[in-house]
Amino acid sequence: MSRIGKNPIVIPAGVTLEVNEGVVTAKGKLGQLTQEYSDVTVKVEDGQVIVERSSDHKDHRAKHGLYRALISNMITGVSTGFTKELELVGVGYRASNQGQKLDLALGFSHNIVLEIAPEVKLETISEKGKNPIVKLTSHDRQLLGQVAAKIRGFRKPEPYKGKGVKFVGEVLRRKAGKSA
């Protein structure tokens, strides 16, 4: 039995979960998310969601934990939401936003302008003496991670000085420079 898959998911107050043939829909104060599923059965009992598999086939075992985690992320997303913060480390690195357009100055000859999906709330924080921070908030964890990874991919942190776009709290593996 999957260690993740066998755990029931508690549905918090204010969240409704509908299970139709092959589709789970979660509605909450922050929005609505849907997820298709296969090879498992999803039951809602006593304010809990239980995901069960039909056999011990390798595909069924893999999907058991996968769909349980996806449904759990949907429920957490529509009730509390998710947040990711990216830090711009480097001299002259700046971030600003006009609505859903993110404008990044990352040391290239031109600024990078990125249109962010409307489901993701964008906020930039620039304080004197501190690195600029891009704060992303959404109810969809998968979309949030994808947008954050795209922003980080413009200038990944390099191992010598640590310059680049990194997640707040991310530990970088640093290298010693040239030895003279």
Of all residues in segment 49-82, which are open to solvent by less than 60 Å² (accessible area, probe 1.4 Å) and polar (S, T, N, Q)? Ser55, Ser72, Asn73, Thr76, Ser79
Among (1) polar (S, T, N, Q); (2) surrounded by 14 or more Cβ atoms within 10 Å (Cβ to Cβ); (3) farther than 29 Å from Lys27 by Cα, the one test that Gln98 misses: (2)
How many residues are of a type in the set (Lys, Arg), open to solvent by 50 Å² or more (accessible area, probe 1.4 Å) and either more than 29 Å from Ile71 (Cβ to Cβ) or part of a loop (DSSP other than H, G, I, E, B) (or both) if we restrict to segment 133-180? 8
From Arg53, Arg61, which residue is more than 13 Å from Ile151 (Cα to Cα) and in contact with a His (Cβ under 6 Å, 6 or more places away or on another chain)? Arg53
Between residues in segment 64-82 that are touching a residue at least 40 places away in the same chain (Cβ under 8 Å) and residues that are assigned to a helix (DSSP H, G or I) and among the basic types (Lys, Arg), which pairs lie under 6 Å by C-beta distance while being six or more apart or on different chains? Asn73/Arg141; Gly77/Arg141; Phe82/Arg141
Which one of these does Ile112 not meet: (1) surrounded by 15 or more Cβ atoms within 10 Å (Cβ to Cβ); (2) out of contact with any Pro (no Cβ under 8 Å at 6 or more places or on another chain)? (1)
Checked segment 116-138 for anything touching a Phe, Trp or Tyr at 6+ places or on another chain (Cβ under 7 Å) and in contact (Cβ under 8 Å) with a residue 60 or more places away in the chain; matches are Ser138
All-but-one check, Glu85 against (1) surrounded by 13 or more Cβ atoms within 10 Å (Cβ to Cβ); (2) at pLDDT below 95, failing number (2)
With respect to Gly77, determine if the residue is under 30 Å from Gln48 (Cα atoms) and in contact with a His (Cβ under 7 Å, 6 or more places away or on another chain). yes
The condition of being basic (Lys, Arg) and within 12 Å of Leu88 (Cα to Cα) holds, among Lys121, Lys130, Lys161, only for Lys130
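The values are calculated or read from the model by the stated rules, or taken from the named source; none is laboratory data. Being a predicted model, the structure only gives us computed values, none of them experimental. Backbone-built Cβ (ideal geometry, glycine too); neighbour counts: all protein chains shown. Heads up: the accessible areas ignore ligands, DNA and RNA and are worked out on the full protein's heavy atoms, side chains in. Shrake-Rupley method; radii C 1.70, N 1.55, O 1.52, S 1.80 Å.
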